[in-house]
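Okay, structure first, notes after.
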Amino acid sequence: MKVQAEKGEASNSSVATLSEPDITPAPRTAGERQGLQVVGEIKILVLDDDPSVCHFIKEALANPHYKLDTVSEPTQMEAKLKSRRYQLILMDYVIPGLQPEQIFAWVQKHQPDASIIVVTGYPSIDSALNCLRARTFDYLTKPVQLALLQKTVTHCLESKGLLRMSEEALREALGAVIREKRKAHNMTLAQLAERTKVSLGYLSQIELGKNSASIETLYRISLGIGSKLAELFQAVEERC
């Protein structure tokens, strides 16, 4: 959506102009996150009346496993929603000639299994509540950093089971978390081995991500570093 200075409040003391897209470009693409496996082809639809915003989102989410369509003409949006099944829809909240409730109704009718991420240049309590009622996955405000957009899309697709970490990436992330928590307690690997009764060599392999640990071993390690087992996996999720 094209933001005009007289229509919206400036964000972070910067005023958008007609020639500037409402999304800040970032050099990385969605396909650069390491360790993720794509389950089948993922179809994504972008609905925004500003073609430049559609272009930036398409570039940000570039991935050979993503089939990404964009529509900037409001009169063509319902037809596109009817044309094929999508797993994710990114939509502007304010589109000339259309009401948000109308678009939500189209999505519910034609794309009942799709998740929705709203990106708006005009945030308000009313629009946030409408999105909440429509059960959107997230509500982002423009200008939005593409890194944040990429992360939000990734989390959405992960929650739908369409993206998942590879076993190797999970081992490496978990090992890094264990190492960081151990060092935060000023504990050597030998001291952790003594506490957990897990061999020094095995602990070293776990921290390096070279070996998988059983739930029992992870439970011992979590107790040894003063954490709960669930906290380890939560830290892995936040790290990724």
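The values are calculated or read from the model by the stated rules, or taken from the named source; none is laboratory data. Small disclaimer: the values here were computed from a predicted structure and weren't measured. Ideal geometry is used to build each Cβ from the backbone, glycine not excepted, and the neighbour counts take in all protein chains shown.
Restricting region 159-208 to residues that are at positive phi and more than 24 Å from the chain's Cα centre (by Cα), the residue that is surrounded by the fewest Cβ atoms within 10 Å (Cβ to Cβ) is N186. The residue that is modelled with the lowest pLDDT, counting only those in region 125-158 that are basic (K, R) and either part of a strand (DSSP E or B) or surrounded by fewer than 16 Cβ atoms within 10 Å (Cβ to Cβ) (or both), is K151.
Every residue, every condition in (1) over 30 Å from Y86 (Cα atoms); (2) outside the structural domain of I117 (by TED's automatic domain parsing); (3) among the hydrophobic types (A, V, I, L, M, F, W, C), yes or no:
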{"position": "G161", "(1), (2), (3)": "no, no, no"}
{"position": "A173", "(1), (2), (3)": "yes, yes, yes"}
{"position": "A176", "(1), (2), (3)": "yes, yes, yes"}
{"position": "R179", "(1), (2), (3)": "yes, yes, no"}
{"position": "K183", "(1), (2), (3)": "yes, yes, no"}
{"position": "N186", "(1), (2), (3)": "yes, yes, no"}
{"position": "G201", "(1), (2), (3)": "yes, yes, no"}
{"position": "I206", "(1), (2), (3)": "yes, yes, yes"}
{"position": "N211", "(1), (2), (3)": "yes, yes, no"}
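Residues of region 94-110 being free of Cβ contacts under 8 Å to residues at least 60 places away in the same chain and crowded, with 17+ Cβ neighbours inside 10 Å, which ones? Answer for region 94-110, where residues must be free of Cβ contacts under 8 Å to residues at least 60 places away in the same chain and crowded, with 17+ Cβ neighbours inside 10 Å: L98, P100, I103, F104, W106, V107, H110.
In this structure, does A176 turn out to be over 22 Å from L36 (Cβ atoms) and at pLDDT 90 or above? No.
Name the residue, out of D49, D69, that is of a type in the set (D, E), within 23 Å of H155 (Cβ to Cβ) and touching a helix residue (DSSP H, G or I) at 6+ places or on another chain (Cβ under 8 Å).
D69
Look at (1) closer than 16 Å to D50 by Cβ; (2) surrounded by 17 or more Cβ atoms within 10 Å (Cβ to Cβ); (3) not acidic (D, E) and you find that Q76 fails only one, number (2).
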